[in-house]
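The values are calculated or read from the model by the stated rules, or taken from the named source; none is laboratory data. Quantities reported herein were computed from a predicted structural model and do not represent experimental measurements. Using ideal geometry, Cβ is built from the backbone for each residue, glycine included, and neighbour counts are taken over all protein chains shown.
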Amino acid sequence: SQQGEEDPQALSIQEGENATMNCSYKTSINNLQWYRQNSGRGLVHLILIRSNEREKHSGRLRVTLDTSKKSSSLLITASRAADTASYFCATAPVPGANSKLTFGKGITLSVRP
Amino acid sequence: DTGVSQNPRHKITKRGQNVTFRCDPISEHNRLYWYRQTLGQGPEFLTYFQNEAQLEKSRLLSDRFSAERPKGSFSTLEIQRTEQGDSAMYLCASSPSGETGGGEKLFFGSGTQLSVL
């Protein structure tokens, strides 16, 4: 079963624009992570935000977490063609539960040059 | 840091054959995970190891699937009597142990793409 659901399913923007992707989840979490996947490759970790954090930055990435709404957003600023990829949110359960990350179905981002 | 290595990158097999995939995690990582991903979907958890102990298996992992991590280093995933529905990307990931309950970031390999004809 998939815990996170990303929105939208697909996003197409012009280079230089910002891309905003959303993730909603159902049960309490320890942390939420965003990953990126280029076609036919493995996933690469982008950023992790803990349940007691509300916002985190890493380079051109900004992630927010609203535990009351059980949602997160990933903002990529000043997008580049090289940002074209699939993006997944993944939730980590509260400590004491099983240890696996549960991934959503992903968002396909296309950045037009 | 050599990263997580998976072999082979691609595997084509006929229905009914057995296949085995190998994963070499990052050397200091004691947690190792197997996920399966089909086209247009996110990775689905199959199983995970803490050192050599297999701590959890998904209901997705039928009795045709078996995974081992004999010395707590590399891992193998075997599928017996493959079916066309087994066609997918099989991803391995590793992480260091950390806070209770896991949730550390995962380092993924490039995956093994299995095609069952």
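Observations
- Residues of the stretch A:58-74 include none that is facing another protein chain (nearest Cβ under 9 Å), outside any loop (DSSP other than H, G, I, E, B) and surrounded by 14 or more Cβ atoms within 10 Å (Cβ to Cβ).
- Breaking point among (1) among the hydroxyl-bearing types (Ser, Thr, Tyr); (2) closer than 24 Å to residue A:5 by Cα; (3) assigned to a loop (DSSP other than H, G, I, E, B), for residue B:90: (3)
- Taking the listed residues B:60, B:114, the one that is over 11 Å from the mean Cα position of the chain (by Cα) and within 12 Å of chain A (Cβ to nearest Cβ) is B:60, with no other qualifying.
- Condition met for residue B:36 (part of a loop (DSSP other than H, G, I, E, B) and either of a type in the set (Phe, Trp, Tyr) or in contact (Cβ under 8 Å) with a residue 40 or more places away in the chain (or both)): no
- Every residue from the stretch B:68-102 that is within 14 Å of another protein chain (Cβ to nearest Cβ), out of contact with any Gly (no Cβ under 8 Å at 6 or more places or on another chain) and small (Gly, Ala, Ser): B:88, B:94, B:97, B:98, B:102
- Among residues of the stretch B:14-48 being at pLDDT 95 or above, among the basic types (Lys, Arg) and farther than 21 Å from residue A:85 by Cα, the one that is nearest to the chain's Cα centre (by Cα) is B:22.
- Flag for residue B:3 being buried (at least 21 other Cβ atoms within 10 Å of the Cβ) and within 14 Å of chain A (Cβ to nearest Cβ): no
- Every test in (1) within 13 Å of another protein chain (Cβ to nearest Cβ); (2) in contact with a Pro (Cβ under 6 Å, 6 or more places away or on another chain); (3) small (Gly, Ala, Ser) is passed by residue A:81 save one, and that test is (1).
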